[in-house]
Each structure stands twice: as structure tokens, then as C-alpha cells.
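The values are calculated or read from the model by the stated rules, or taken from the named source; none is laboratory data. Note that the structure is a prediction, hence the values are computed from the model and not measured. With ideal geometry, Cβ positions are generated from the backbone for all residues, glycine too; neighbour counts draw on all protein chains shown. Surface areas here come from the heavy atoms of the whole protein model, side chains and all, with no ligands, DNA or RNA. Shrake-Rupley method; radii C 1.70, N 1.55, O 1.52, S 1.80 Å.
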Amino acid sequence: MKRRAWLTLGAVVLGGGGIATYAVASPSTDAVGGPTERPVKVYNLGLKAPETGERELPRTETKQFSLLGISWTGATKKLDGKAQVRTRSIDTGAWTSWQDLETDADPVEDADERAGARGASEPLWVGPSDGVEVQVVHEDGTTSAGLPSGLKVNLVDPGVTAAEASDAATEPAAYAEDVTPSPTSASPTATTPTGPASTVPEPPIVSRADWGADEKLSPDPSEYNTDVKAVFVHHTAGSNDYTCAESASIVRAIYAYHTAPAPGGNGWNDLGYNFLVDKCGTIFEGRKGGVDQPVLGAHTYGWNRESAGIAVLGEYTAAGASNAALTSIARIAAWKLGQYGVDPASTVQLKAGATQKNLAGTSFTSGTSYPFSAISGHRDGYATECPGTSLYGQLPTIRAWAAGPVQGLKVTSLTGATLSGSTYWTKGAITVKWSTTTPGSLISKFELLVDGNVVTTVPGTATSANTTLAAGNHKVAVRAVHQSGKTDEKSTTTALTVVADTTAPVFATTPKITLRTGTVETAAVPVTLGWKATDAQALKQVNLVSPTTATFGPTITSSNRTAKSGAASTWSMTAYDVAGNTRTSSPAFTPVILQETSATKSGTWTSRSSSSYLGGKSYSSGSKSASLTWTFTGRSAAWVVSRASTSGQAYVYVDGTKVATVDLKSSTTKYRQAIWTKSWSSSTQHKIKIVVVGTSGRPTITTDGLVYVK
């Protein structure tokens, strides 16, 4: 049958005869004042067992606590049952849901030598609370078997250190039953050995003094192993919702829970773990004796003699530990194993100190050696869920980070350079950026390689490096060196091809405008802008900067534009090479419209008026051999006419030489048409003569003037 043991402060009879019980703190009568330093306090509330089998606690009152657990008589006796608790928050007044206590905690290996040592659950951090309800369910199928005797709930207030006093809001009153020890003297300390140097740097560690350890709680001298061959990873269980500002309080509370004398605590001689890590990656010194020493811990039953224990604050069954926590586990494990020449990725032989099984069912016989990963989980050595399924699944990552070489190195960007195809182009100064999956705190350095040579070295926490390349072709790569000194082929990135070019492009053909055919307006004369830019390495583009803007590819050499007549326009163009070098050319040109009236006439010409003509007028003639001659100094010219279905033909002479016969006939009527153009390489004086052909049936031509560019 089921037998339930309840912690009660006030009882309510439930259906079936069970009793739900609770312990609630009365409201504090302390006045709210300034922050106050206060010591750690440990209290216990016993469960009584009447003949009926129910266990209840007489009505009482409690004060503030933040961590709890249950304990029982018999340090090696396991609780064959399920213990659950729920608590009431001081801040909100709300009750939590039921939370399971881990009752498969390792027994104390020297229990026979420690008077008063008790069996206990793992502690559970619940945050500042003032009420508790506990239920313990035992199922054994008989009516005679009982739960362990001396069942108690142990409550811990971690207190406030002087450094934390500024954060304390109130000073709670003392509990009715205060079992916090206050011995007057400590036992003599054992001789402390000299810790060997490690192959990797020591990470920052918060000392016992800094997290507020009361050394009176652990008066026994430290014990030391010969070496450290392995590290076992644990979790402390409890909530992951703690703030990292509370971490030192959690460590103090666990310390008090482990060390307070029975029945208020477990009666152990110190914290079980050698190190503790919070979710923000802060590492705390655990068991005393020197962080650089092979201190004998009490963390993994049967395997403490050749190992160190690292516990992560929180519960990691469903959710994994943070990267910050994993990083710190890897750092402290690598440092501790490095003191004894152990590769964190290796397999080691550990001698069993007890006959037992682990969670997977592997049997161990005391005195026999077995293989373990140098970084193992608690469950690998003992039948426990610790360090939680998710954190256990993260152990391969921890091993890889701790052992090296650096993983996941890749270049993320190369600034100061432009990628064209598979080649980067730069004027010289570049910044290489990279990323890794291995945290920077586990990396010794990064080296920037140019043509295989180290040109820049930066710390392992850096993510970029700068250098200036000499002109020419280069291979640029990044190499990462793990704190262990390990590198492999993946520790160096694939080399990038980078060309350093400091030579600016040139304009082999200076930008210029020439007249083209099309409709002529006073404010928009049709022109062609022409140029040719070249570069010794790789031309990227040419930009038109004024009088308007446009961007052209490296092979483009002309563009149809328009220009305003009668005003000088600067046609500024800038050529860019891929490396970022530039060259600018800014010639100026003026399109000029010469009216027909400015020409020298021969033969008969008739003036016509219309707003469709340039300047409102034009000349028309059907007389064979009638001519108009314009004289100008320029580099390009265009004859402007009106066209219709009856328009005739004309001869064009340039500097006395006939160069073209132009037919003005058009199926539709058009005005202001630049119908014939001519350009020269430089600006010189020219004569353009137009002669009427006298075409049969349509002899008449209408001329609207001449445009030239100077």
C-alpha cells in the first residue's frame, strides 16, 4: 500500500484519509530599514510518525529561507520513495507547483567515520520563501515497511554578506529552532601539497572568501588525492530562474545544507563539489584546500579518489546549460586536467572505490579499474540522473572545447577590399574578421598569415585583425591556436587571394561630347558622351558625376545624352578600379546653335515663321544650286532641318569637299531634326556648305540652322 509522510503546519483532511499539510511563515514584523549583513542560518522541521502511519508537524511558524531539502537518519540509507515540495514566494505570495526533490544523492563514502551524518536529498533552490509544503510517498507493497526514521525538512537562509548588504531589503528574524553551528575553534589542517603547473591558463575563480563561506562550518582539515585523472560534471538541481546576482547565495546555501550538523543539515565536512559554475559562467571555488590542489571531494560515489567534481547551478534535464556555463566547465576542466597531463578528450582508467552500478546499468567492482572519459557525467559513475539528460548531451561539446584544437574557424568578412569573382582587391589596408564555435576564452591566439607568414598576432578573444599589404598578389589566411597549443588542418582558414593595387585608372580617351542625330531643343541638344578608361589591373566602373549622374560598366565607352545650348557644361567622369583607386576627368563643352540667318547665302531662299522652328524661323529653297555656308570653330557639327513627304535633297560640303547627299524626305512631318553630323578630333575652324540638289518633283528643302560644339 501507499504510506504518505507529510510535513504539516495546519492540516486539511483529503478524500481517502490522506492529510495535506503546509508550513507557512507569519508576516515579518521587522521594519523595513537599511541593508543589513546577516549570517547563514540552517533550520529543520521534523516529521512525526503516530501509530496511524501519517506524519505531521505540530503547528509552528517559520521565517525566510531560500533553499531546502529533506534528510533522514542513516547516511547510507536510500529513500525508497518520492519526495515533493512546494513553497510560497515572499515577493509574490504565490505558491509554486509541486517540485520533485532528487533523492538519489550519492552516499557519503566515509559515513562510518562521521558521527551524525545523514542521508539526504539534493538541495533545491526556491528563492526567498516564507512557506513550505512537503509530501513523501513510499510504495513498498507491505504495511510493515516504513519510511526512514528521522525524516526532516531542512531550510536554509543563505544570509547576506557585507558585500551584498546593499542589496538586502529586510533583515528577517531568527527561526524558532536555530541549529547553525558556531564552533569556537577549527581542527588542525593537513599539510597542503604544492599544486603542479597546468598546460593551460587558470580561469577566473571566485574564492570561498569572496562568495562568503563561513569556514567555521567545515573545521576538518582538507584531504588530498595523488592526482586528478578525470572530471565529473554535475548539476545542483532546482530552478534555473535564479539571477546570477543570487549565485553566491546559492553556493552559500548548498554549503550550509551539506555541512550543518544533524538534524539541521547533512553533517558533511564540506561542500561536496570542487567547483561550481552558474549559468552566466562564473566559477566558484567549492571544497576548501586550494583550487590548484587535488582536493578529495564528495561528489561521485566510488570515484572521488582520482577525480574532481564540477557542478552547474540549476536543473538540466529538459533544457541544456548556457554556452557561458559550458565554456567555464571546459576552462576549469582543461586547467585541472592540464595540471596532471591529461588530455580532456582522452579516455582514462579509474579504480572503483565501491561495488555498484551506474545509471546505464554498468556494474563496477571495488578495487577494479574501468575506462572513463576524462570529462564524464555523474551518471557515468553512479546510478543518478545527474547532470540531467540535456547537460549530459552537451558533454561532447565541453570535451571538444576543453581539449582543442579550435573548431568552426571561418573568415566572415574582409573589409577594405572588394570581391570580384574569387579575388579580393584592395589599395593595401585590410581588416580580416572571423568566427569560431570554440569560445574565445579557450583560444590562445589568432595569427594573420600573408603568403604563409605571420604578420599579426591577436589574443584568442579577438575577432579581427588588420594589416597593410604591399602591392601585388597575396594569399591571406587566419590560424587559430587553442590554449592547449593544438592546431590541425581546420585550424587555418582556406587562403583568400588578395591583390593590392595602388595604381589609379587612366582615361585613354578623355570624356567628350559629339553631336548626334535627333530632335534639337534649345535646352536639350542631342549629344553622345564618349570616353575610354583603362586600368593596369581591373577596371570596376566609370561614373558620370556632372552635369547629371550615371554609372557605367568597365566595357562601356559611350552614352547618348542631351546638353543645353549656349552654356558651358562640365562633363565630369570618375573611373574606379576594383581596388578602389580613382581617376577623374572634367572637360567642359558648349553646344552653339547657329541660326540660318548667320549663314552666307547664294541663290533664292524664303524665310518662314513658326514656333516649330528653332528661334521661330527657317529658310526654305527649291532653287537648284542655292546654298548656305556657315563658318565656325568647333569639334562637332550637326545640320538641323524640317522634314516632310515633299522635302528634297541637299549636298553637304565640308571645308570645300563634298561629303554627303542628304535626303530630307519623311513620311511624317518633323521639325528641328539634326539629320547630318560630323565630328573632328580637335576643335578647329570649319566651313559647312549646304547646296540644294533640285530633286525632280520635290526640289524644296527647309533648313533650321547649324549646331556645333566648342
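Compute the label zone of Asn453 within the range 462-503: residues whose backbone N is under 11 Å from the point 7 Å along Cα-to-Cβ. Residues 470 qualify, since their backbone N sits under 11 Å from the label point.
A simple spin-label model places pseudo-atoms 7 Å from Cα toward Cβ; at Thr582 and Lys475 they are separated by 3.5 nm. Taking every alpha-carbon pair within the range 424-480, the share separated by more than 12 Å comes to 63 percent. Principal axis analysis of the Cα atoms in the range 263-377 yields extents of 42, 38, 34 Å, listed in decreasing size. Entry comment: accessible area of the range 507-565 is 47 Å² per residue, from protein heavy atoms only and a probe of 1.4 Å.
In nm, to one decimal, how far is the Lys710 label point from the Lys216 one, both placed 7 Å along Cα→Cβ? Each label point lies 7 Å from its Cα, and together they span 10.8 nm. Available extension along the chain between Ser546 and Val693 is 48.7 nm, counting 0.36 nm per residue and deducting the alpha carbon span.
The range 615-670 has equivalent-ellipsoid semi-axes of 21, 14, 12 Å, by the square roots of 5 times the alpha carbon gyration tensor eigenvalues, sorted largest first.
Note on Thr604 and Glu489: the extension gain reaches 32.2 nm, defined as 0.36 nm multiplied by sequence separation minus the Cα-Cα distance.
What relative contact order, as a whole-number percentage, does the range 449-561 give when Cα pairs under 8 Å and 6 or more residues apart are counted? Relative contact order comes out at 18 percent. Within the range 337-437, all pairs of alpha-carbon atoms sorted by distance into 10 Å bins from zero give the percentages 13, 28, 23, 12, 12, 9, 4, 0. Our estimate of slack between Asp100 and Thr365, defined as 0.36 nm per intervening residue step minus the Cα-Cα distance, is 92.3 nm.
Which percent of the accessible area of the chain is formed by carbon and sulfur heavy atoms (probe 1.4 angstrom)? Walk me through the intermediate numbers first.
On the way: 14380 of 29760 Å².
Of all accessible area on the chain, carbon and sulfur atoms account for 48 percent.
In whole percents, the pair-distance distribution calculated for the range 374-495 from its alpha-carbon pairs, binned every 5 Å from zero, is 2, 11, 19, 18, 13, 11, 8, 6, 4, 4, 2, 1, 0, 0.
List the relative contact order of the chain as a percent without decimals, with contacts defined as Cα pairs under 8 Å and 6+ residues apart.
Working: 1925 pairs, mean separation 59.3, N = 710.
Reported as a whole number, the value is 8 percent.
Here the sum of -39500 (n - 2.57) over DSSP H runs of 4 or more residues, divided by the residues of the chain, equals -2000 deg cm²/dmol at 222 nm, to the nearest 500.
By the Cβ-Cβ criterion of under 4.7 Å, the unpaired cysteines of the chain are Cys386.
If a helix is a whole DSSP H run, which ones in the chain reach 20 Å or further along their own axis (Cα) and hold a mean Kyte-Doolittle hydropathy of at least 0.5? Kindly include the intermediate steps, with their values, before the conclusion.
Numbers: long enough: 323-338 (22 Å, 0.68).
Those that pass (Cα extent of 20 Å or more, hydropathy at least 0.5) are 323-338.
For the range 262-419, the share of DSSP beta bridges that are antiparallel, to the nearest 5, is 75%. Each 5 Å bin from zero up to the one holding the largest Cα-Cα distance in the range 184-343 carries the following percent of pairs: 2, 10, 18, 23, 22, 15, 8, 2, 0.
For the range 312-363, what Kirkwood radius comes out of the mean inverse Cα-Cα distance, in Å? Before the final figure, lay out each step's value.
Details: mean 1/r = 0.0720 Å⁻¹.
So the Kirkwood estimate lands at 13.9 Å.
Shown here are the Rg and Dmax of the Cα trace of the range 272-339, at 11.9, 34 Å. Relative to the globular-protein estimate of 2.2 N^0.38 Å, the Cα radius of gyration of the chain stands at 1.73. For the range 356-415, the alpha carbon positions stretch 61, 23, 11 Å along the principal axes, listed from largest to smallest.
Placing a pseudo-label 7 Å from each Cα along the Cα-to-Cβ vector at Ser89 and Ala319 gives an inter-label distance of 1.4 nm. The range 432-553 has equivalent-ellipsoid semi-axes of 52, 16, 10 Å, by the square roots of 5 times the alpha carbon gyration tensor eigenvalues, sorted largest first. Considering only Gly580, Ala568, Gly289, the residue lying farthest towards the positive end of the dipole of the chain is Ala568, judged by Cα position with unit charges set on Cβ.
Considering every pair of different Cα atoms, what Kirkwood radius, in Å, is found for the range 543-669?
Working: mean 1/r = 0.0551 Å⁻¹.
Here the Kirkwood hydrodynamic radius works out to 18.1 Å.
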